[in-house]
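Heads up: the structure comes next, in structure tokens.
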Amino acid sequence: MSSEVEVIRKPSEMEERCEQARRSGRKVVLVPTMGYLHEGHLSLCRIGRKLGDVLVMSIFVNPTQFGVNEDLDRYPRDLTGDLEKASSCGVDCAFVPGVRDMYPPRYQTFVEVEELARPLCGAKRPTHFRGVATVVTKLFNIIRPHAAVFGEKDYQQLQVIRRLTEDMNLGVEIVAGPTVREPDGVAMSSRNAYLTEVQRGQATCLNRGLRRAAELFGQGERAADALLSAVRQIVEAESEARVDYIELRHPETLEELTEAGDQALLALAVFFGDTRLIDNTVLGR
Ligand code: AMP
């Protein structure tokens, strides 16, 4: 299929394109991504398509959200494939800036969300959410979308962005899309491409752990210890899995819970070799 997606690389051009759309009364919707698209990203596009008139996808592997020893250099990329997939789910325009376009020489301004960015992935990746909040602020300022769609797969990121948008009066409606999974339950992720066949088989332990916790919760278990140790047991049974964190948190404040309330976020991160996978579920939802 030939791509009909308009590709824009310069922030100034993107600003102009969106300004024109808004002036003619059209609603602009943004789906931010780092590319190497899969069904999870495309599901957000389908949600976005219904929310407005001009659907913009950004494809930018944002260096400021990677730590020094992380996978920035090997992060998978496939722009040609991405544009075909984007076209097939109604994306009108792809914003694909270069690193220098977003962070020119002498760049020195960053946005930080405090409490929400500290636990979970923030504790393990201390500069990650600062990079995310900064790039999302820049994308919102360039594109000025009416709405933007983010995945619940990155649950903490979604909460950080909701807070950022409200605190900074960015005036963008934040819409969440549910986690899309492979048939065996593994959450889709561009990083799944790094896994060996054995690791990919074992990666089902994240979702199996979450499902077991949901089952216990359904039977009335509320103690964090019991819920978390059940998940840990399932993950640690896999020879290549190394737990980074498994935690029970308040779904909105992300404060640690010793007892689940009516709802509780169970989030985990697990390494397979150098590859770090995350997943989560909101118990009681
Ligand atoms: P990324 O390209 O990994 O930065 O992800 C871009 C957007 O897609 C983020 O809002 C993610 O939360 C979302 N996303 C990634 N994986 C999934 C998935 N499996 N299901 C739903 N959304 C996802």
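A short reminder: the numbers here are calculations on the coordinates, not readings from a lab. None of the values given here were measured: they were computed from a predicted structure. With ideal geometry, Cβ positions are generated from the backbone for all residues, glycine too; neighbour counts draw on all protein chains shown.
Counting only Cβ charges, +1 for Lys and Arg and -1 for Asp and Glu, the dipole size of the chain around its Cα centre is about 620 debye. Taken over the chain, the ratio of Cα radius of gyration to 2.2 N^0.38 Å equals 1.02.
Taking the C-alpha atoms only, the angle from helix 39-49 to the longest principal axis of the chain is near 50 degrees. Using only Cα atoms, tell me the angle between helix 224-236 and the longest principal axis of the chain; keep it within 0 to 90° and round to the nearest 10. Helix 224-236 sits at roughly 80 degrees to that axis.
Structural descriptor for region 148-203: relative contact order 34 percent, calculated from alpha carbon pairs under 8 angstrom and at least 6 residues apart.
Ratio of region 80-196's C-alpha Rg to 2.2 N^0.38 Å, to two decimals? Before the final figure, lay out each step's value.
Working: Rg = 15.7 Å, N = 117, 2.2 N^0.38 = 13.4 Å.
In units of the globular-protein estimate, region 80-196 measures up at 1.17.
For a modelled paramagnetic label at R212, 7 Å from Cα along Cα-to-Cβ, the residues of region 233-251 in reach, with backbone nitrogen under 11 Å, are 233-238.
By the equivalent-ellipsoid construction on the alpha carbon gyration tensor, region 191-231 comes out with semi-axes of 27, 9, 7 Å, ordered largest to smallest.
Counting pairwise Cα distances across region 7-114, what percent come out greater than 19 angstrom?
On the way: 2937 of 5778 pairs.
The share of Cα pairs beyond 19 Å in region 7-114 comes to 51 percent.
What whole-number distance in Å separates the alpha-carbon centres of region 153-188 and region 214-264? Taking the Cα centre of each part, region 153-188 and region 214-264 sit 20 Å apart.
Please tell me the relative contact order of region 143-260 in percent, rounded to the nearest whole number, where contacts are Cα pairs under 8 Å and at least six residues apart.
18
The slack between R106 and A223, meaning 0.36 nm per residue of separation minus the straight C-alpha distance, is 37.1 nm. With N counted as the residues of region 26-77, its alpha-carbon radius of gyration over 2.2 N^0.38 Å works out to 1.35. By the gyration tensor of its Cα atoms, with a ≥ b ≥ c the square roots of the eigenvalues, what is the shape of region 139-285: rounded for a/c under 1.5, prolate for a/b over b/c, or oblate? Since a/c reaches 1.5 but b/c is at least a/b, the shape of region 139-285 is classed as oblate.
Its alpha carbons give region 202-285 an Rg and a Dmax of 12.0, 36 Å. Here the relative contact order of the chain, from alpha carbon pairs under 8 Å that lie six or more residues apart, stands at 17 percent.
Cys residues of the chain that find no other Cys beta carbon under 4.7 Å: C18, C93, C121, C205.
Tally the DSSP beta bridges in region 44-193 and give the antiparallel ones as a percent, rounded to 5. Of those bridges, close to 10 percent are antiparallel.
The angle between the Cα long axis of helix 128-143 and the main principal axis of the chain comes to about 30°, on a 0 to 90 degree scale.
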